[in-house]
Amino acid sequence: MLPSVAAFVLSLLPMTRSDRPVIYQVLPRLFGNATPETVSGGSLERNGCGRFADFDDVALSSLAELGFTHLWLTGVLEQASATDYPHRPADDPDILKGQAGSPYAVRDLFDVCPDYVDAGRVATSEGRLGEFRELIGRARAHGLDVLIDFVPNHVARSHASDVRPEFDLGLGDDRSVFFSSDNNFFYLGDEHAGGGAPLRLPNAAAPGCDGRFAPETDFGRVTGNNAITWAPSMGDWYETVKLNFGHDFTSGRETSHLPGPTAGIDAVPDTWCKLDAVLAHWQGLGVAGFRVDMAHMVPMEYWAWAIARCRERDADAYFFAEAYDNDPAKLTDCNVLDALLDAGFDAVYDDPIYDLLEGLYEDGKWCNDMDALLETGERFHRSLRYGENHDEVRLANPETWGGLGAEVGRPACAVLYGLGRGPLMLYAGQEVGEPALESAGFGGDGGRTSIFDYTTVPELAKWRADGACDGSGLTAAQRDLRAWYGELFRIVAQPAFTRGETFALNAHNVDNPDFARVPGEPASGHWLYAFLRRDSESGQAFLVLANFSPSLAVTGARLRLPERASEFLALGSGRGFKLVARLGPEWSARVSLEAEFELPALEPLAAALIELLPRE
């Protein structure tokens, strides 16, 4: 595949926030669970479960020291589950995915998962929420803000709040119609696919299941992924029901009839009012912001209204969106990532660049293919970048990312975390090379750690070392990897990365045979990626290099800096600079802009962040 030869400088608008979050995504269920030998599909009693208490001062201090500013506590909201509690019976297995249940099939939008709470406090909402508030307080004491999921598109079929029952979704709905602007759900009629009532769920053959959910015997509701059928499939989000924001999604993407961002609480659809109460509830408990699930499936008008109200309560409330522009379910004809930013989000997922880097090993992509993905305007510096998250595969899994192991995270994250000014995210276990080798039950296959089951993250448990959080159970290579991520975070917290612009260099070296060209290939830039970052205010500048090759070292490679790079670096004619590697192999050099210059040697799967200093 021949690479793109587009060359450009990104001169973009600043972020709306001066702070740059470095987010640690972590499921409390997994973080503190060190059960040595779990069984597939095991119960909480058998396999164990992490708790809020596992985020103690020792753990939080270690996370803060590594460079994190925020904790995204994934799966905090009470989900449908097979575990029984005195205040809450277990859910019907027909509407469950896994024993623990899906964190995105929320049963009570106002409560926390009881699995995480001390047994002496689990029976009352005051006890459960009080323990969560204490965790927020501990995190803040270590300089960490807490983010949680906001899941606006759908809820569990068993949704009912015992904390704020007056805000239960579905109360007062007219079930005789598919759509009404003030209904909270979409209701099935006899004309819809699947043969009519009762609702028939797809896992009737599973143990303990019969394919029925008693509350939906005489009526049925549309699934969270917009499946309008009485008989959803295993591929559907059958355990969830879609929320209605006052727009009939079957009528298209035109949502301009919905209220504007300044509408009063009495002038918006009922679902908006109830979800505003949800957001206010968690803000009142001290939550600093929200990772929003499948934000593109919700009208942009709602986001402009909801985020504005949250910022009236807390001007610094932080919102970042999981969203995919290629999903036909998006509710805008334009690029939905840009639309979400326009609606008030601080950041959006950068799935395209993640996919491109994974595609170097899975789809025959070249590093040069990155250039086309950088021309995204304001969004470039407002994209959240990650090497892993709970939906994506583990970098270290032997069946993914070319089977190269945890070391592939070095070039990938050097590029991902160095490219722009947006927030950064690391998924718990990534920093110690968790490979996700075992199937935990419903989930866990395909290189992912299960979010549906009571299980562990074995390599993370070795770092936790029974609560010491000192990495004593890790190998030397794992300790080195974790320290490397910490050093990367330290460097990209400097002005060239938090305030600077980006100048891509591969396009200027496509025809440079000395730019680590692979023997026999017609162009350079297959495995080596290079770009500059510079902050005009401080003058600080860096060169970022990443060798993605699984087997070829970069030796004797030379880099061309075009005249525009000289302008970008604000260096006059005839001037040069000193290069000093701040991350990667120890290296320094003095170079001039008048000629190509030699790059440091890079082993396979290595990266270097090199500071450019005025030449003495």
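The values are calculated or read from the model by the stated rules, or taken from the named source; none is laboratory data. Since the model is a prediction, treat every value here as computed from it, not as a measurement. Note: ideal-geometry Cβ built from the backbone for every residue, glycine included; neighbour counts use all protein chains shown. These area figures cover heavy atoms from the full protein model, side chains too; ligands, DNA and RNA do not enter into them. Shrake-Rupley method; radii C 1.70, N 1.55, O 1.52, S 1.80 Å.
Remarks
- All of (1) closer than 30 Å to residue 80 by Cα; (2) open to solvent by less than 10 Å² (accessible area, probe 1.4 Å); (3) in contact (Cβ under 8 Å) with a residue 60 or more places away in the chain hold for residue 467 with one exception: (2).
- Filter result (assigned to a loop (DSSP other than H, G, I, E, B), within 28 Å of the chain's Cα centre (by Cα), of a type in the set (A, V, I, L, M, F, W, C) and buried (at least 20 other Cβ atoms within 10 Å of the Cβ)) within region 228-261: 237, 245
- Meets criteria (within 13 Å of residue 506 (Cβ to Cβ), crowded, with 17+ Cβ neighbours inside 10 Å and at pLDDT below 95) for residue 546: no
- When residues in region 35-88 are screened for being of a type in the set (D, E, K, R), modelled with pLDDT under 95 and assigned to a loop (DSSP other than H, G, I, E, B), 1 of them pass.
- Filter pass, residue 220 being touching a Leu at 6+ places or on another chain (Cβ under 7 Å) and without any contact (Cβ under 8 Å) to a residue 40 or more places away in the chain: yes
- Matching residues, region 184-198, being among the aliphatic types (A, V, I, L, M) and open to solvent by 20 Å² or more (accessible area, probe 1.4 Å): 193, 197
- Within region 485-535, the set of residues being basic (Lys, Arg) and surrounded by fewer than 18 Cβ atoms within 10 Å (Cβ to Cβ) comprises just one member, 490.
- Some residue of region 179-193 being among the hydrophobic types (A, V, I, L, M, F, W, C), modelled with pLDDT of 95 or more and over 23 Å from residue 104 (Cβ atoms): yes
- Consider region 38-79 and keep the residues that are open to solvent by 40 Å² or more (accessible area, probe 1.4 Å) and touching a helix residue (DSSP H, G or I) at 6+ places or on another chain (Cβ under 9 Å). The one that is nearest to residue 107 (Cα to Cα) is 51.
- Any hit, region 404-417, residues being part of a strand (DSSP E or B), touching a Pro at 6+ places or on another chain (Cβ under 9 Å) and open to solvent by less than 10 Å² (accessible area, probe 1.4 Å): no
- Some residue of region 305-319 being among the small types (Gly, Ala, Ser) and open to solvent by less than 30 Å² (accessible area, probe 1.4 Å): yes
- Residue within region 425-435 that is surrounded by 24 or more Cβ atoms within 10 Å (Cβ to Cβ), hydroxyl-bearing (Ser, Thr, Tyr), within 17 Å of residue 26 (Cβ to Cβ) and touching a residue at least 12 places away in the same chain (Cβ under 8 Å) present: yes
- One residue from 352, 299 being modelled with pLDDT of 95 or more, closer than 30 Å to residue 524 by Cβ and not small (Gly, Ala, Ser): 352
- Residue in region 6-23 that is modelled with pLDDT of 50 or more, of a type outside the set (Ser, Thr, Tyr), in a loop (DSSP other than H, G, I, E, B) and open to solvent by 60 Å² or more (accessible area, probe 1.4 Å) present: yes
- Unique match (being surrounded by fewer than 16 Cβ atoms within 10 Å (Cβ to Cβ), in a loop (DSSP other than H, G, I, E, B) and in contact (Cβ under 8 Å) with a residue 40 or more places away in the chain) among 91, 118: 118
- Flag not set for residue 155, criterion: more than 18 Å from residue 244 (Cβ to Cβ), open to solvent by less than 60 Å² (accessible area, probe 1.4 Å) and in contact (Cβ under 8 Å) with a residue 24 or more places away in the chain.
- Any hit, region 577-589, residues being open to solvent by less than 30 Å² (accessible area, probe 1.4 Å) and under 22 Å from residue 358 (Cα atoms): no
- Subset of region 549-564 (residues that are open to solvent by less than 30 Å² (accessible area, probe 1.4 Å) and within 33 Å of the chain's Cα centre (by Cα)): 549, 554
- On the stretch given as region 268-322, residues that are touching a residue at least 24 places away in the same chain (Cβ under 8 Å), more than 21 Å from residue 390 (Cα to Cα) and of a type in the set (Asp, Glu) total 5.
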